[in-house]
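In what follows, a structure is listed as structure tokens, so that the remarks can point back to it.
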Amino acid sequence: MSRSHKKSEELPRVQRDENVLRTKIHELRHLRDKLRAEVKRRQARVKACSANVETNQTAEISEQQVLEKQKENVKAILQAYRFTGLSGKLTSRGVCVCISTAFEGNLLDSFFVDLVMEKPPWIHHHSIPVFIPLEKIAAAYLQSDLQRFLFSLCEYVNAYSGRKYQADRLQSDFEALLTVPLQRNSLCNLLSFTYKVDGRDQSFSFSARLLYEDLTATLPTDVTVTYQGMEASTHWEEHRASHEILFRTKPLHQVFASFSKEVEKLDLSLVS
Amino acid sequence: MDAEAREVRALEAEIAALQRRCQELPAPGEKPSGVRKSCQKLPQSDSEGWESSKDLRSHLGHLKSELSFLSTLTGFNIRNYSKKIEAVTNTEVTEEGTTKVLQRHRLSGNCNMVTFQLEFQVLEIQTKEKLSSAITDLNIIMEPTEYSELSEFACRAEERRDLLMFFQSLHFFVEWYEYRKHTFKHFKEKYPDTVHLPEGACSHCMEIHSTSRPGFELVVVWRIQINEEGKVSPKLDLLTKVPQRALVLDKNRVIETAPSSFQTLLGVLGIEAALDSLIKLLCVGNN
């Protein structure tokens with residue numbers, strides 16, 4: 001009995017230990033599964049929530065992007081208007097118009113006219129030079145046809161800018177050819193200067209007077225070229241006459257550029 | 001038994017890890033901390049310069065009305081514009097401190113019935129003394145192409161790279177075009193039997209028929225010229241169509257001198273009144 005009794009006592013203990021372990025494992029597994037499920041649930045919730053926020057954010061961001069792009073596009077087009085000569089910005093009382101000038105592709109100064117758009121419209125302030133007949137143009141068109149007023153003003157201002165540019169280029173690029181410096185008025189529509197041109201055998205000295213009666217034009221209406229030399233040679237008359245035609249048909253600095261070219265041509269002919 | 005003991009230890013470890021994980025994640029009822037973080041991000045984006053949609057919309061609306069105003073004011077409707085900038089740095093030793101920037105522009109739109117597409121380049125040169133900009137290349141495509149005066153003028157503008165002259169002259173051309181159309185239409189309505197417009201209101205000539213004397217016709221040709229400097233002006237001429245017999249009978253050479261007389265009439269009365277009196281001349285015959 002002792003041995004078998006012992007055995008029977010041992011067996012239940014081992015079995016009891018095993019049973020305890022097994023139960024423990026069972027419980028642990030159960031707890032573990034519960035926790036796994038809970039973690040999964042919580043993870044899924046976080047994902048769903050952030051995905052929601054993300055979609056809202058993305059939708060909002062893409063709408064913002066679209067609007068932003070449209071805004072930049074319209075801003076760029078507004079800037080591009082300066083190439084037409086007339087651009088502007090709305091103000092609280094009307095519009096501030098910017099007149100951009102150019103001469104043969106060279107972009108020159110801009111001027112502005114600040115308009116109050118009442119009935120009738122009037123000029124608040126402006127940067128138009130005083131010698132441009134602004135009052136005359138405004139009196140003629142401002143009250144009746146704003147577009148016409150602006151384009152007419154554009155003509156005057158642009159032409160002035162172009163004449164000034166030609167005179168400036170003459171002074172800066174062809175100083176060497178001017179024996180008497182260029183004299184001009186502020187409107188740049190009356191110019192006088194004396195220059196020398198080298199001919200085949202001699203150099204000719206001429207003095208020129210250019211009058212631009214049409215203030216909307218960049219070419220003179222009246223050109224007088226007179227010979228300044230003492231020689232009685234007949235060659236100078238040809239040059240004088242051709243110069244008069246040149247000044248009337250080509251921009252001032254381009255006429256002088258052609259003088260230099262002619263000299264080059266003549267030099268070459270001498271060499272050959 | 002070892003295997004089971006191992007299993008217990010493994011399970012306990014996994015449970016501990018899962019419990020830690022559970023604590024990191026927000027419990028149901030709590031706001032996920034991740035969301036809170038991203039919510040906080042949005043106000044920060046605003047301060048970084050991004051306007052809210054509402055502000056953007058009102059800003060865009062204001063800009064669009066500015067564009068519409070400018071378009072009506074100038075008569076130019078620019079629909080598309082883009083700009084590309086290339087920096088061309090000058091590495092010549094003689095010109096230190098000089099930078100050159102080349103801009104490529106693309107612009108398209110319309111001025112009344114004329115649509116244009118422009119591509120041009122602007123070269124900006126910045127020296128120590130000044131900044132100068134010049135157009136170095138200009139390409140103009142214009143529709144419609146029937147107006148030969150316009151296509152000649154476009155060629156000249158391209159040669160001179162005179163973009164400004166292109167726009168200014170285009171404006172005046174369109175103005176004259178509209179005036180001619182309006183004038184012809186007016187006379188057609190006033191004298192429907194006498195006046196004929198062979199190409200409709202947009203035609204460049206107006207025929208005046210005498211209904212009482214068929215075969216007698218006056219044709220007023222009205223061209224819109226653009227000169228070398230871009231100045232736009234009207235050029236009207238009178239052509240006469242009379243039967244041979246009438247020419248023979250015309251001792252006073254009235255018909256022969258009609259074209260030059262018309263020019264004088266234009267100078268004295270202006271376009272509308274001159275045309276009106278001309279039509280009335282033939283109308284008298286109609287009654």
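Could you tell me what a quarter of the Cα convex hull surface of the protein assembly as shown works out to, in nm² with one decimal place? Before the final figure, lay out the partial values.
On the way: hull surface 221.1 nm².
Mean shadow area of the hull around the Cα atoms is 55.3 nm².
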query = Does the stretch B:201-251 classify as rounded, prolate or oblate by the C-alpha gyration tensor (a ≥ b ≥ c root eigenvalues; a/c under 1.5 gives rounded; else a/b over b/c gives prolate, otherwise oblate)?
reply = oblate
ask   = Kirkwood Rh, the stretch B:131-272, all Cα pairs: how many Å?
value = 17.6
ask   = the stretch A:66-98: which residues show an accessible-area loss of 50 Å² or more, assembly versus chain alone, 1.4 Å probe?
value = A:L67, A:K71, A:V74, A:I77, A:L78, A:Y81, A:F83, A:T84, A:L90
query = Roughly what % of Cα-Cα distances in the stretch A:158-215 sit above 16 Å, to the whole percent?
reply = 46
task = Could you run the Karplus curve 6.51 cos²θ - 1.76 cosθ + 1.60 with θ = phi - 60° over the stretch B:103-115 and give me ³J(HN,Hα) per residue in whole Hz, x for Gly and Pro?
result = 10, 10, 10, 10, 9, 9, x, 8, 10, 6, 8, 9, 9
ask   = How many percent of the accessible area of the stretch B:175-286 is carbon or sulfur, using a 1.4 Å probe?
value = 57
message = Modelling each spin label as a point 7 Å along the Cα-to-Cβ direction, I'd like the A:R22/A:V66 distance in nm, to one decimal.
response = 6.7
ask   = Which residues of the stretch A:141-185 show a drop of at least 10 Å² in accessible area when all protein chains are present, compared with their chain alone (probe radius 1.4 Å, heavy atoms only, ligands and nucleic acids excluded)?
value = A:L146, A:Q147, A:R148, A:L150, A:F151, A:C154, A:E155, A:N158
task = Could you do me a favour and compute the accessible area per residue for the protein assembly as shown, 1.4 Å probe, result in Å²?
result = 58
ask   = If the limit is 28 Å between Cα atoms, which of A:K89/B:K83; A:K75/A:K136; A:K261/B:K128; B:K83/B:K130; A:K136/B:K64 go over it?
value = A:K75/A:K136; A:K261/B:K128; A:K136/B:K64
Relative packing of B:228-235, A:103-110, which averages over residues the other C-beta atoms within 10 Å, highest first = A:103-110, B:228-235
key: Loss of accessible area when B meets A, both sides summed, Å² nearest 100, probe 1.4 Å   = 6400
ask   = So how many Å³ per residue does the convex hull of the Cα atoms of chain B work out to?
value = 361
query = How big is the charge dipole of the protein assembly as shown about its Cα centre, in debye rounded to the nearest 20, if each Lys and Arg gets +1 on its Cβ and each Asp and Glu gets -1 on its Cβ?
reply = 3400
message = Given the DSSP H assignment, sum -39500 (n - 2.57) over each helix run of at least 4 residues in the protein assembly as shown and divide by its residue total; what's the result at 222 nm in deg cm²/dmol, nearest 500?
response = -18000 deg cm²/dmol
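With the cut-off at 1.5 for a/c, could you classify chain A from its C-alpha gyration tensor as rounded, prolate or oblate?
prolate
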ask   = Can you list the aspartates and glutamates whose alpha carbon sits under 18 Å from that of B:K84, skipping same-chain ones fewer than 8 residues off?
value = A:E72, B:E119, B:E124, B:D137
ask   = What angle, in degrees between 0 and 90 and rounded to the nearest 10, separates the Cα long axis of helix B:2-24 from the longest principal axis of the Cα atoms of chain B?
value = 40
inquiry  = Using a 10 Å cut-off around each Cβ of peptide A:39-50, what is the average number of partner chain Cβ atoms that fall inside?
reply    = 4
inquiry  = Less than 18 Å apart at the alpha-carbon level, and either on another chain or at least 8 residues along: which lysines does that give for A:K24?
reply    = A:K34
ask   = Relative to the longest principal axis of chain A, what angle (0 to 90°, nearest 10) does the C-alpha long axis of helix A:235-249 take?
value = 40
request  = Calculate the dipole size of the stretch B:71-183 relative to its Cα centre from +1 charges on Lys and Arg beta carbons and -1 charges on Asp and Glu beta carbons; express the result in debye to the nearest 20.
outcome  = 360
ask   = If you line up the long axis of helix A:146-173 against the longest principal axis of chain A, both from Cα atoms, how many degrees apart are they, to the nearest 10?
value = 70
For the stretch A:74-142, alpha-carbon Rg relative to the globular expectation (2.2 N^0.38 Å, N residues) = 1.19
remark   = In whole angstrom, the spacing between the Cα centers of the stretch B:94-127 and the stretch B:193-213 equals 46
remark   = Restricted to pairs 8 or more residues apart or on different chains, the lysines in the stretch B:175-286 with C-alpha atoms under 16 Å apart form a number of pairs equal to 4
ask   = Roughly what would the spin-label model give for A:D173 and B:L123, points 7 Å off Cα along C-beta, in nm?
value = 1.3
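The values are calculated or read from the model by the stated rules, or taken from the named source; none is laboratory data. Here the structure is a predicted model, which is why all the values come from computation and not from measurement. Here Cβ is always computed from backbone atoms with ideal geometry, including for glycine, and neighbour counts include all displayed protein chains. For accessibility, only protein heavy atoms count, side chains too; no ligands or nucleic acids. Shrake-Rupley method; radii C 1.70, N 1.55, O 1.52, S 1.80 Å.
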